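Each reported figure results from applying straightforward, stated rules to the coordinates on display, with no laboratory input. Fair warning: this is a prediction, and the values are worked out from it, not measured in the lab. We place every Cβ from the backbone using ideal geometry, glycine too, and count neighbours over all the protein chains shown.
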Amino acid sequence: MIRILVIFLLMVTNAKPPKATEKVIARQGKVSFFSYTSVEDIKAENNQVLSVIDIDKKEIAVRMLMNAFIFEKALMREHFNESYLESDIYPKAIFEGEIVDFDPTIDGEQTRIVKGVFTMHGKSKALEIKTKIVKQDNNYMVSGVFETFVKDYDINIPPLLAGNIAKSISVEFRFEYQPYED
Amino acid sequence: MIRHFSFLYRIVFGCFALFVISCKYATNQDISAIAPKMSYDAGNLIATLQTTKEYDSETVIAVTGIVHEVNTINNRVTILLKGNDEQENYIICDMDSNQTHKIKTIQKGDSLVIKGLLKGMLKDVIMLNCIIVKSE
């Protein structure tokens, strides 16, 4: 009986509270996109993109407001929000995925594939993105470039303007993460 | 005489067309002359946007708050106003490029009134084209 009591006490004293999942947050991530055609080049950037990485689960989530993209020309912004992306109906774009083979113990740089689903304009598309991850003093920097197709997101472009917008859009991203407690 | 008027008409029409085009293609929305539709305390704005999805984005508002941070992430000058002590959300104010001279003197803990274009909320409230209305 005493032996059982001792074992029980040892278990209780050695029991630790479950470790809180470690997360990092980027409140001012940057996402830019570029459309190159012979008619015109269109560039826009969003500098207030939110992203959270759950380090233990190797999961990444990204959210952005579509109306927070800054364009070179006001007319481009107007077309983007009102005609193409319908930002009042679909105000946010979301990416949720997993960083494959991510090793948070590596200081410095590692290149990994991020697999996930990107939802924009009410349409979801599976993506695999080659991503550079740099860890320094428990802060992370994540960046990369990928191509995506306008047709995948059910975006209607009038035939008259079809020549102005590339079929494939180049997307660039850069996030600087800091420790975060949920 | 008629030819003279025709030429003048073309000049006036041309100037008007250029004005319309330049307005349409303006790159940066200057909100300095726009009166804010609503004024908020930073904590109240965060609480309001957390509880309702029915808010007027794309409107100019004024926010009073305490500076949590001034940074230049992404080469943009940004001021983060903090909400209430129990809130871990901020007002992210992307400052207009014409505010650079004012921002040099702003420090953490300063009380500011910032006017800007409300875009919406993710974890934090996002405002663009911001200008400092009053600093203490």
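So for the range A:82-167, averaging the separation of alpha carbon pairs under 8 Å that are six or more residues apart and normalising by length, what relative contact order in percent results?
Relative contact order, the range A:82-167: 25 percent.
Calculate the mean, over all residues of peptide A:42-55, of how many other protein chain Cβ atoms lie within 10 angstrom of the residue's Cβ.
3
As I understand it, the value is the acute angle between the Cα axis of helix A:2-14 and the longest principal axis of the Cα atoms of chain A; what does it come to in degrees, rounded to 10?
Between helix and principal axis, roughly 30 degrees.
Compute, for the range A:28-180, the length of the dipole vector about the Cα centre, with Cβ point charges of +1 (Lys, Arg) and -1 (Asp, Glu) only. Units Debye, rounded to 20.
About 180 debye.
If you average the sequence gap of Cα pairs under 8 Å that are 6 or more apart and divide by the length of the range A:28-180, what percent do you get for the contact order?
The normalised contact order for the range A:28-180 reaches 24 percent.
Average partner chain C-beta neighbours within 10 Å, per residue of A:116-126?
0
Report the net charge of residues surrounding residue B:129, where surrounding means a beta-carbon distance below 13 angstrom and charges are Lys +1, Arg +1, Asp -1, Glu -1.
Summing Lys and Arg as +1 and Asp and Glu as -1 gives 0.
Rank-order A:35-42, A:57-64 by packing density, defined as the average count of other C-beta atoms within 10 Å over each peptide's residues, highest first.
Descending packing order for the listed peptides: A:57-64, A:35-42.
Taking the range B:38-135 on its own, what percent of its Cα-Cα pair distances exceed 23 Å?
Taking all Cα-Cα pairs of the range B:38-135, the fraction more than 23 Å apart is 16 percent.
At 7 Å along the Cα-to-beta-carbon direction for both residue A:75 and residue B:103, put a label point, then send me their distance in nm to one decimal.
3.0 nm
Under a 5 Å amide H to amide H cut-off, with H placed in plane at 1.01 Å, what residues pair with residue B:110 once short-range neighbours are removed?
Long-range HN contacts for residue B:110: B:67.
Report the convex hull volume per residue for chain A, counting only C-alpha atoms, in Å³.
Given the Cα convex hull of chain A, per-residue volume reads 149 Å³.
Any idea what the relative contact order of the range B:38-135 is, in percent, if you count C-alpha pairs under 8 Å spaced at least 6 apart?
Answer for the range B:38-135 is 30 percent.
How much length, in nm to one decimal, is gained on full extension between residue A:89 and residue A:36, taken as 0.36 nm per residue of separation minus their Cα-Cα distance?
The residue A:89-residue A:36 span can extend by a further 16.4 nm.
Pop a pseudo-label 7 angstrom from the Cα along the beta-carbon direction at both residue B:37 and residue A:154 and give the gap in nm to one decimal.
It works out to 2.8 nm between the two label points.
Say the cut-off is 29 Å between C-alpha atoms; which of A:123/B:82; A:23/A:43; A:135/B:123; A:23/A:92 go over it?
A:123/B:82; A:23/A:43
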